[in-house]
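> Structure below; questions to follow.
The values are calculated or read from the model by the stated rules, or taken from the named source; none is laboratory data. Computed from a predicted structure; not experimentally measured. So basically every Cβ, Gly included, is an ideal-geometry build from the backbone, and we count neighbours across all protein chains shown.
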Amino acid sequence: MLDTRKMYCLLLTFSINLGCSSHYIDEMNRQASSDSQAGPSTVSSREADDEHNSMQPMYDKIEDFLQRNNTPSTSENNRVHKGSPVNNQMIQTIIDNIGKPINIQPLPNDYKCFLNKYGSIYGPGFEIYGPYQSDKGSETDTLELIQNGFIDFCKKNIKKPKGVKPYWLIAKIGESNRYYINLSKSGNNHIYSMDRNGSCVPFAKDFSEFLDKFFQICQSTGEDSD
């Protein structure tokens, strides 16, 4: 039989373990309650914040371009404007309506974020396509017209027009240079420049690189015209 001292030690050990287990269970319950209170909206908010942070260098690049071309001394005719933002549901509606093939690649995320935040950017002699502020309420119609117009242009000017469906027009400079994303699986979302005769050459590997080169051309063109 156990003596009184041994019995006391066993009871003390049991009570300590029980207390630790109870504390652990309480902590788990508090954590579960905290997670349930956060809910899907909080998770979505965190994901949106992460996406915004990853796109911040691109936004900074765009804002810098806007500021440099919209100084107090800039005449109204030379100012650069922002358009009307387009959300992802609108973008998908446009893709569905113009009959893009199912096997195309999705629009690049950085380009979609540009549409979400700015819609378009346009100034003297150039444009990154999207709806204007005056198009508010009919953004999808505007983008559909832009894309369908580009498809018609390609059919008239490219020798093999059957392959133009995966081409998504994003910008132009003057009347001679158009820029598009190749959304076919073999195109890797690369961006190409197309002249008025339908000849195409690689221009940028992604939308961020496109902005660097495009803004540089626009800036030098504007300085030459001053």
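> I'd like the full set of residues that are surrounded by 18 or more Cβ atoms within 10 Å (Cβ to Cβ) and charged (D, E, K, R), limited to the stretch 174-222.
Hit for the stretch 174-222 is R178, nothing else.
> Let me ask you something else. With respect to E127, is the statement that it is at pLDDT 95 or above and of a type in the set (D, E) true?
Yes; evaluated as a whole, the condition is true for this residue.
> Scan the stretch 127-146 for residues that are loosely packed, with under 15 Cβ neighbours inside 10 Å and either of a type in the set (S, T, N, Q) or not in a helix (DSSP H, G or I) (or both) and jot them down.
Q133, S134, K136, G137, S138
> What are the residues in the stretch 109-167 that are touching a strand residue (DSSP E or B) at 6+ places or on another chain (Cβ under 8 Å), under 20 Å from Q92 (Cα atoms) and among the hydrophobic types (A, V, I, L, M, F, W, C), if any?
F114, I128, I146, F150, I151 - these are the residues of the stretch 109-167 that are touching a strand residue (DSSP E or B) at 6+ places or on another chain (Cβ under 8 Å), under 20 Å from Q92 (Cα atoms) and among the hydrophobic types (A, V, I, L, M, F, W, C).
> From the residues in the stretch 43-90 that are among the β-branched types (V, I, T) and surrounded by 11 or more Cβ atoms within 10 Å (Cβ to Cβ), which one is modelled with the lowest pLDDT?
Result: V43.
> Moving on. Just to be sure I understand, how many residues within the stretch 96-126 are touching a Pro at 6+ places or on another chain (Cβ under 9 Å) and surrounded by 15 or more Cβ atoms within 10 Å (Cβ to Cβ)?
10
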